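Trainee: Below is one structure. I have some questions about it.
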Amino acid sequence: MQLISKLPHVGTTIFTVMSGLATRHNAVNLGQGFPDYPMSHELTALVDRAMKNNLNQYAPMPGWLPLREAIAEKVELLYRAKVNPDTDITVTPGGTYAIYSALTAILHPGDEVILFEPAYDSYIPNIEINGAKAIALPLVYPDYHIDWEAVQKAITPRTRAIIINSPHNPTGSVLGEKDMEALRKIVEGTNIFIISDEVYEHLIFDGIPHQSILRYPYLLERSFVCFSFGKVYHCTGWKLGYCIAPPELMKEFTKVHQFNCFSCHTPTQAALAEFLQKKDAYLSLSSFMQEKRDRFIRLMSATRFDMLESHGSYFICARYSRISEEGDKDFAIRLTRDAAVATIPVSAFYQDGKDDKVLRFCFAKKEETLEKAVEKLISL
Ligand code: PMP
Ligand code: GLN
């Protein structure tokens with residue numbers, strides 16, 4: 001059989017590679033982003049109850065209605081956004097799927113999509129599988145801000161969308177009000193869509209407010225805003241999220257969704273609809289994760305890594321120029337093998353492998369996990 005690959009340049013995602021290495025070398029895994037502490041037992045009990053109550057058949061295609069209603073209430077509370085649960089929300093199997101479906105709904109061959117590198121690794125393959133072209137612009141090192149003049153210059157008649165991601169994976173940078181204003185100026189009067197990846201909306205530190213697209217009606221009218229319950233409730237393995245978009249955009253999104261997934265796991269949706277009423281569970285998240293970030297930075301100050309800033313997500317990057325001159329992939333592999341600590345080399349988030357000699361660490365871990373990792377890094 002001859003198969004002509006639609007993604008000839010795509011290999012195995014760095015998350016799988018590094019987690020595989022971590023297992024092989026019995027390393028502390030600060031690579032792939034997932035918590036190693038238990039999620040809420042109250043929430044798992046709600047899923048159990050939903051299953052026992054026979055909520056085990058297909059949910060409606062856009063999602064379990066009480067969940068969509070709870071999401072609409074939440075975004076009104078947090079962002080003053082008026083979102084219609086019947087027409088503007090679709091529950092999806094994760095945030096990655098929401099981003100893929102949005103891109104698939106809008107892209108035609110030859111379209112261009114502007115995104116910022118380092119970029120979450122699904123964006124470019126999602127663009128290319130739709131026959132479109134990724135226009136990757138660098139975030140400005142070392143604080144990884146967006147150069148909006150460069151964005152303006154990159155706009156062409158073929159620009160179909162811009163992907164933003166705040167709080168940002170892998171760098172922990174966040175967008176401010178000025179960024180949203182710059183984005184508005186660029187897209188105003190154009191047919192450019194926005195895909196806003198906001199899966200880390202609650203993981204934002206230092207008192208900085210999350211600049212959701214949902215706060216800006218004139219941006220929301222052209223946007224697909226993507227979220228993930230996995231990040232909010234420490235259950236990345238649940239693969240459940242949602243997309244919010246205006247009705248005309250959601251209509252096209254639904255055309256993709258209905259023949260790819262149709263509907264998501266019903267008992268989990270029923271449980272989340274109830275659990276979302278407990279506002280403290282998501283409102284307390286930023287201080288919970290900020291403590292972990294601060295603890296990790298304090299521990300790492302005893303090593304020869306130089307920490308960069310992180311104001312959000314559950315990641316922080318660090319330079320290792322005082323330890324080694326190796327490329328980041330080689331260094332990350334050696335670190336996993338010899339020091340038994342797995343990380344993610346940030347060059348993996350660049351199409352051309354740009355290497356600023358920076359590693360990404362995930363600090364969404366138990367205290368003892370972070371301590372154990374740093375104990376091993378101190379000797380370097
Ligand atoms: N976007 C970013 C930037 C992420 O880090 C993640 C986490 N994997 C996602 C989207 C999607 O998460 P999921 O598909 O697991 O809900
Ligand atoms: N979002 C997670 C990370 O950046 C993992 C995603 C994945 O494994 N596909 O580490």
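The values are calculated or read from the model by the stated rules, or taken from the named source; none is laboratory data. Everything numeric in this text was worked out from a predicted model, so none of it was measured. Please note: Cβ atoms are built from the backbone with ideal geometry, for glycine as well, and neighbour counts cover all protein chains shown.
Trainee: On the basis of being of a type in the set (S, T, N, Q), touching a Ser or Thr at 6+ places or on another chain (Cβ under 7 Å), surrounded by fewer than 21 Cβ atoms within 10 Å (Cβ to Cβ) and not in a helix (DSSP H, G or I), does Asn84 make the cut?
Mentor: Spelling it out, it is not the case that Asn84 is of a type in the set (S, T, N, Q), touching a Ser or Thr at 6+ places or on another chain (Cβ under 7 Å), surrounded by fewer than 21 Cβ atoms within 10 Å (Cβ to Cβ) and not in a helix (DSSP H, G or I).
Trainee: Of Ala45, Ala102, Ala59, which residue is part of a helix (DSSP H, G or I), away from ligand 2 (no atom under 16 Å from the Cβ) and either surrounded by 19 or more Cβ atoms within 10 Å (Cβ to Cβ) or within 18 Å of the chain's Cα centre (by Cα) (or both)?
Mentor: Ala102
Trainee: A follow-up question, please. Starting from residues that are more than 16 Å from ligand 1 (Cβ to nearest atom) and part of a helix (DSSP H, G or I), keep the ones in the stretch 1-34 and report whichever is surrounded by the most Cβ atoms within 10 Å (Cβ to Cβ).
Mentor: Per the stated criteria, the residue is Ala22.
Trainee: Given the conditions (1) surrounded by fewer than 20 Cβ atoms within 10 Å (Cβ to Cβ); (2) within 15 Å of Phe227 (Cβ to Cβ); (3) out of contact with any strand residue (DSSP E or B) (no Cβ under 8 Å at 6 or more places or on another chain), report the number of the one that Pro93 does not fulfil.
Mentor: Among (1) surrounded by fewer than 20 Cβ atoms within 10 Å (Cβ to Cβ); (2) within 15 Å of Phe227 (Cβ to Cβ); (3) out of contact with any strand residue (DSSP E or B) (no Cβ under 8 Å at 6 or more places or on another chain), the lone unmet condition for Pro93 is (3).
Trainee: While we're on this one: Between a residue in the stretch 36-59 that is more than 16 Å from Gly237 (Cα to Cα) and any residue that is of a type in the set (Lys, Arg) and not in a helix (DSSP H, G or I), which pairs come within a Cβ distance under 9 Å, given they are 6 or more apart or on different chains?
Mentor: Glu42/Lys278
Trainee: Do the conditions hold for Glu117, that is, is it within 16 Å of ligand 2 (Cβ to nearest atom), in contact with a strand residue (DSSP E or B) (Cβ under 9 Å, 6 or more places away or on another chain), acidic (Asp, Glu) and at negative phi?
Mentor: yes
Trainee: Pull out all pairs, ordered by first then second residue, where Cβ-Cβ is under 6 Å, the residues are six or more apart or on different chains, the first lies in the stretch 72-83 and is closer than 14 Å to Ala245 by Cα, and the second is in a helix (DSSP H, G or I).
Mentor: From the stretch 72-83, the pairs are Val75/Leu214; Ala81/Val75; Ala81/Leu214; Val83/Ala72; Val83/Val75.
Trainee: Would you pick out the residues in the stretch 311-344 that are out of contact with any strand residue (DSSP E or B) (no Cβ under 6 Å at 6 or more places or on another chain) and within 16 Å of ligand 1 (Cβ to nearest atom)?
Mentor: Those that are out of contact with any strand residue (DSSP E or B) (no Cβ under 6 Å at 6 or more places or on another chain) and within 16 Å of ligand 1 (Cβ to nearest atom): His311, Ser313.
Trainee: While we're looking at this one, here's another question. If you check every pair at least six apart or on different chains, which have Cβ atoms under 9 Å apart with a residue in the stretch 233-245 that is closer than 13 Å to Ser223 by Cα and in contact (Cβ under 8 Å) with a residue 24 or more places away in the chain first and a residue that is of a type in the set (S, T, N, Q) and outside any strand (DSSP E or B) second?
Mentor: Correct list of pairs: Cys243/Ser101.
Trainee: Kindly list the number of the only condition in (1) within 18 Å of the chain's Cα centre (by Cα); (2) more than 15 Å from ligand 2 (Cβ to nearest atom); (3) polar (S, T, N, Q) that fails for Ser122.
Mentor: (2)
Trainee: Report yes if some residue within the stretch 356-363 is within 16 Å of ligand 2 (Cβ to nearest atom), at pLDDT 95 or above, among the basic types (Lys, Arg) and part of a strand (DSSP E or B); otherwise report no.
Mentor: Yes - at least one qualifying residue is present in the stretch 356-363.
Trainee: Residues in the stretch 280-323 that are more than 21 Å from Leu175 (Cα to Cα), in contact (Cβ under 8 Å) with a residue 12 or more places away in the chain and of a type in the set (Ser, Thr, Tyr): how many?
Mentor: Selection size over the stretch 280-323: 3.
Trainee: Also, quick follow-up: Going by what's in this entry, would Ile71 be described as outside any loop (DSSP other than H, G, I, E, B), within 16 Å of ligand 1 (Cβ to nearest atom), farther than 23 Å from Pro170 by Cα and at pLDDT 95 or above?
Mentor: Considered against the rule, which asks whether it is outside any loop (DSSP other than H, G, I, E, B), within 16 Å of ligand 1 (Cβ to nearest atom), farther than 23 Å from Pro170 by Cα and at pLDDT 95 or above, Ile71 comes out as yes.
Trainee: Looking for something under 28 Å from Ala318 (Cα atoms) and small (Gly, Ala, Ser) - is there at least one such residue anywhere in the stretch 201-216?
Mentor: yes
Trainee: Which numbered condition trips up Ser122, out of (1) exposed (fewer than 15 other Cβ atoms within 10 Å of the Cβ); (2) touching a helix residue (DSSP H, G or I) at 6+ places or on another chain (Cβ under 9 Å)?
Mentor: With (1) exposed (fewer than 15 other Cβ atoms within 10 Å of the Cβ); (2) touching a helix residue (DSSP H, G or I) at 6+ places or on another chain (Cβ under 9 Å) applied to Ser122, the lone miss is (1).
Trainee: Which residue, of Ser173, Ser196, is within 16 Å of ligand 1 (Cβ to nearest atom), buried (at least 18 other Cβ atoms within 10 Å of the Cβ) and outside any loop (DSSP other than H, G, I, E, B)?
Mentor: Ser196
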